[in-house]
Amino acid sequence: MNEREERIASDIAEAVKEYEALLWEQVERNDRMLARTAEAKAHSGKRIIGLCPGDGIGPVLMREVHRVLDVLLKEELSSGAVEFRTIEGFTLKERLAAGKTVPDDVLEQMKGCDCLLKGPTTTPNASMGVTDFESANVFLRKAFDLYANVRPVKIPEKGIDWVFFRENTEGEYALGSRGAAIGDALRVDYKVTTYGGTERIARAAFDYAERTGLRRVSVVTKANIMKKTDGSFLRLAKKIAEEYPDVETDSWFVDIMAANLVNEELRKDFHVFLLPNLYGDILTDEAAQIQGGVGTAGSANLGDDYAIFEAIHGSAPRMVEEGIEEHANPASLLQAASMMLTHDGFAEKGRQLEEAIAAADAKLGSAMTGTAEGGTCTEFSDEVLRGLEVL
Ligand code: IPM
Ligand code: MG
């Protein structure tokens with residue numbers, strides 16, 4: 001063997017060893033999911049909401065959303081029924097200094113809360129001197145086992161009322177930072193689908209469709225190509241569908257579904273979407289764009305005993321570099337806050353906020369261009385407060 005072949009042989013041996021370990025880890029994770037019986041979390045009666053402003057435009061967005069929430073939860077905050085806790089040490093700089101995507105003390109602060117409202121976080125990359133640094137979002141979704149990523153998109157005047165149930169812990173994301181590198185010749189990433197992981201997201205979607213009367217679930221995969229993973233996801237989803245005779249179920253491949261979402265005739269008839277992780281990531285950006293931009297849709301990451309509510313867009317470092325972060329659109333983080341209120345038992349306030357966002361968007365949405373000439377974050381949240389009749 002020459003030097004190159006020796007290196008490749010050693011990389012392959014290493015990758016095979018690592019692969020075996022990965023497979024065992026995933027089998028054990030599946031077993032834990034199947035063995036799990038949801039136990040009610042001990043609750044102090046007080047709701048502690050952790051606020052993570054995040055990076056880039058995050059702090060500006062959070063400042064405005066916090067202002068709106070202070071108004072909506074005025075009584076609960078003064079009676080002590082709700083407490084906001086700002087999570088410290090979670091900026092990109094602090095995470096890089098700690099050498100961890102979520103430093104241990106930050107994770108401890110988060111665990112002390114009942115849920116988090118989170119701004120966008122930047123994933124460190126090679127230009128910051130690190131590679132294989134996992135995204136904080138992905139880390140937190142796994143750490144709190146937040147398996148359902150729920151993303152509503154509504155455009156009433158176009159008859160669109162969609163809710164995406166994106167599987168949030170598996171697929172390409174499960175081992176995204178742990179692929180194999182074989183010399184300079186080959187790179188392999190892994191995609192993971194488990195029985196337990198598919199079953200729980202499918203039930204979440206079908207339960208929701210049944211409960212809300214949105215009686216159609218469309219399962220989206222690429223099972224014609226990804227035969228093992230998507231094949232299993234689709235088969236199991238169809239099996240679970242049989243337990244919900246009142247819910248209509250159909251299945252689509254992700255490429256044609258991407259086209260369907262811009263087909264004005266067809267798209268009105270879709271309601272609940274059930275998708276593996278990466279397709280959910282991609283189609284929800286498309287859907288949000290159809291609604292008015294990725295800055296307009298909120299996202300809930302739900303597990304059995306924790307939840308994180310966040311904007312679906314990124315931290316937009318470009319806007320900060322150009323000094324125009326005050327022009328960021330807070331609609332997505334506001335939507336996330338509205339979902340959080342509903343989830344936390346304040347459904348009426350959640351609905352009021354959703355209405356106020358829609359009204360502000362109708363008035364100012366087109367001016368929120370994310371440029372120096374566009375509307376500002378404060379103008380938008382002022383409009384939301386006006387809608388709530390408190391300004
Ligand atoms: C999202 C984002 C994240 C994802 C990124 C920031 C890791 O795009 O929440 O959709 O890919 O899930
Ligand atoms: Mg995304």
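Remarks
- Identity of the residue in the range 280-296, more than 10 Å from ligand 1 (Cβ to nearest atom), under 20 Å from Met368 (Cα atoms) and hydrophobic (A, V, I, L, M, F, W, C), that ends up nearest to the chain's Cα centre (by Cα): Ala287
- Residue match in the range 277-287 (condition: buried (at least 21 other Cβ atoms within 10 Å of the Cβ), within 16 Å of ligand 2 (Cβ to nearest atom), at pLDDT 95 or above and among the aromatic types (Phe, Trp, Tyr)): yes
- Within the range 308-325, the set of residues being more than 9 Å from ligand 1 (Cβ to nearest atom) and in contact with a Leu (Cβ under 7 Å, 6 or more places away or on another chain) comprises Ile308, Phe309.
Residues are listed down the side, and each one gets a yes or a no for (1) within 24 Å of the chain's Cα centre (by Cα); (2) within 24 Å of Leu266 (Cα to Cα); (3) touching a residue at least 60 places away in the same chain (Cβ under 8 Å):
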| site | (1), (2), (3) |
| --- | --- |
| Arg151 | yes, yes, yes |
| Ile155 | yes, yes, yes |
| Ile160 | yes, yes, yes |
| Phe164 | yes, yes, yes |
| Ala180 | no, no, yes |
| Val188 | no, no, yes |
| Lys227 | no, no, no |
| Glu242 | no, no, no |
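- Here Leu341 does not qualify as in a helix (DSSP H, G or I) and within 16 Å of ligand 2 (Cβ to nearest atom).
- When residues in the range 65-82 are screened for being surrounded by 23 or more Cβ atoms within 10 Å (Cβ to Cβ) and among the acidic types (Asp, Glu), 0 of them pass.
- Checking every residue in the range 369-382 against the condition of being of a type outside the set (Asp, Glu), free of Cβ contacts under 8 Å to residues at least 60 places away in the same chain and closer than 13 Å to Val60 by Cα gives at least one match.
- The condition of being over 19 Å from Leu146 (Cα atoms), at pLDDT 95 or above and within 16 Å of ligand 2 (Cβ to nearest atom) does not hold for Gly119.
- Pairs with Cβ under 8 Å, 6+ apart, first in the range 254-269 and in contact (Cβ under 8 Å) with a residue 60 or more places away in the chain, second part of a helix (DSSP H, G or I) and small (Gly, Ala, Ser): none
- Residue satisfying all of: in the range 289-303; in a helix (DSSP H, G or I) and within 13 Å of ligand 2 (Cβ to nearest atom); surrounded by the most Cβ atoms within 10 Å (Cβ to Cβ) among these: Gly295
- Any chance Lys93 is among the basic types (Lys, Arg) and assigned to a helix (DSSP H, G or I): yes
- Which listed residue, of Ala148, Ala202, Ala181, is within 25 Å of Val65 (Cα to Cα) and touching a strand residue (DSSP E or B) at 6+ places or on another chain (Cβ under 9 Å): Ala148
- Matching residues in the range 308-328 - criterion: being away from ligand 2 (no atom under 16 Å from the Cβ) and crowded, with 23+ Cβ neighbours inside 10 Å: His327, Ala328
- Of all residues making up the range 297-306, the number that are over 17 Å from Thr121 (Cα atoms) and either of a type in the set (Gly, Ala, Ser) or away from ligand 1 (no atom under 14 Å from the Cβ) (or both): 4
- Within the range 250-279, the set of residues being in a helix (DSSP H, G or I), closer than 26 Å to Lys239 by Cβ and more than 16 Å from ligand 1 (Cβ to nearest atom) comprises Asp255, Ile256, Met257, Asn260, Asp269.
Condition check ((1) under 30 Å from Ile290 (Cβ atoms); (2) charged (D, E, K, R); (3) modelled with pLDDT under 95) across all residues:
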site	(1), (2), (3)
Glu64	yes, yes, no
Lys100	no, yes, yes
Asp132	no, yes, yes
Leu140	yes, no, no
Asp145	no, yes, no
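- Boolean, Glu348 is among the charged types (D, E, K, R), in contact with a helix residue (DSSP H, G or I) (Cβ under 8 Å, 6 or more places away or on another chain) and not in a loop (DSSP other than H, G, I, E, B): no
- Strands (runs of 3 or more DSSP E) wholly inside the range 107-197 that include at least 1 residues being within 14 Å of ligand 1 (Cβ to nearest atom) and closer than 22 Å to Asn30 by Cα: 148-155, 160-167
- Selection of the range 275-317 for residues being of a type in the set (Val, Ile, Thr) and in contact (Cβ under 8 Å) with a residue 40 or more places away in the chain yields Thr284, Ile290, Thr296, Ile308, Ile312.
- When residues in the range 213-242 are screened for being assigned to a helix (DSSP H, G or I), polar (S, T, N, Q) and buried (at least 21 other Cβ atoms within 10 Å of the Cβ), 1 of them pass.
The values are calculated or read from the model by the stated rules, or taken from the named source; none is laboratory data. These numbers were taken from a predicted model, which means no experiment stands behind them. Note that we place each Cβ from the backbone using ideal geometry, even for glycine, and neighbour counts take in every protein chain shown.
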